[in-house]
Amino acid sequence: MTSSSATPISIVVLISGSGTNLQAIIDAIEAGSINAHIAMVISNRPNAKGLERASSHGIPTQIIDHTHFADREQFDVAVQSAIEVHHPRLVVLAGFMRILTDAFVNHFTGRLVNIHPSLLPKYKGLNTHARAIEAGEAEHGCSVHFVTPELDAGAVIGQARVAIAADETPESLAAKVQKLEHKLYPACVGLFCNGDLQLQGDVALLNGKPLPATGLDLTEA
Ligand code: GRF
């Protein structure tokens, strides 16, 4: 049996906002390039546009509003329980704007991935586009990585790069990087869903072989 004819793996996607990366993953699943099924989309924000995107494709959605919880720990426990109802093989953070507790991250080790708008390990955290321009970088991009307790520090699966123009603004650069994100994330999720990717310790393995620290160059994905 080839991987493409194998049973689709179950995914849960966590969002907070517009959900354009979620949309790219939905489109790739519908096009047959990712062998997966999105069991649930969970948002911590009730008005996230990504919820409408999911619903319009018949994907169930759930709102777990972080403002209704006394602390981060209780919120994460609720999200973890809501995810585990579906026994997903992969949990995809797609613009989920909450810092997760170590307990949550450790529970999902090896099956929790994120997309970050920089060429990690450069520019962890926020305002990455402005910081890359400010620093005079020649290029910028995005990274998909396994999530580990240290923020934006887990093993990188893949990256996509773009040149920074002389007249670049944070907004124009964000638009360029988002285009890359919409190819990079489905490509990396697809590899995982085919069973090609694994996390071993703090190293990402592709077909059993360690990836370099910057992952695969998927700029042309
Ligand atoms: C993306 O730019 C991603 O890099 C960051 O959050 C943003 C999410 O955008 N982690 P969207 O909700 O997928 O449109």
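Here are a few things to note about the model shown:
- Residue identified as of a type in the set (Lys, Arg) and within 19 Å of residue 128 (Cβ to Cβ) among 176, 209: 176
- Selected residue [over 21 Å from residue 89 (Cα atoms), under 15 Å from the mean Cα position of the chain (by Cα) and within 16 Å of the ligand (Cβ to nearest atom)] from 184, 180: 180
- Yes/no for residue 103 being in contact with a helix residue (DSSP H, G or I) (Cβ under 8 Å, 6 or more places away or on another chain), open to solvent by 20 Å² or more (accessible area, probe 1.4 Å) and part of a helix (DSSP H, G or I): yes
- Strands (runs of 3 or more DSSP E) enclosed by the stretch 1-92 - at least 3 residues per element that are out of contact with any Lys or Arg (no Cβ under 8 Å at 6 or more places or on another chain), closer than 27 Å to residue 197 by Cα and more than 15 Å from the ligand (Cβ to nearest atom): 36-43
- Check on residue 162, buried (at least 21 other Cβ atoms within 10 Å of the Cβ) and either in contact (Cβ under 8 Å) with a residue 60 or more places away in the chain or of a type in the set (A, V, I, L, M, F, W, C) (or both): no
Yes or no, residue by residue, for (1) open to solvent by 60 Å² or more (accessible area, probe 1.4 Å); (2) in contact with a helix residue (DSSP H, G or I) (Cβ under 8 Å, 6 or more places away or on another chain); (3) modelled with pLDDT under 95:
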{"residue": "36", "(1), (2), (3)": "no, yes, no"}
{"residue": "39", "(1), (2), (3)": "no, no, no"}
{"residue": "46", "(1), (2), (3)": "yes, no, no"}
{"residue": "49", "(1), (2), (3)": "yes, no, no"}
{"residue": "52", "(1), (2), (3)": "yes, no, no"}
{"residue": "58", "(1), (2), (3)": "yes, no, no"}
{"residue": "69", "(1), (2), (3)": "yes, yes, no"}
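- Conditions (1) within 14 Å of the chain's Cα centre (by Cα); (2) more than 16 Å from the ligand (Cβ to nearest atom); (3) of a type in the set (A, V, I, L, M): number failed by residue 120: (2)
The values are calculated or read from the model by the stated rules, or taken from the named source; none is laboratory data. As the structure is a computational prediction, the values presented were derived from the model and not from experiment. Here the Cβ is made from the backbone with ideal geometry for all residues, glycine too, and neighbour counts use every protein chain on show. Areas reflect the complete protein model, heavy atoms only, side chains present, ligands, DNA and RNA absent. Shrake-Rupley method; radii C 1.70, N 1.55, O 1.52, S 1.80 Å.
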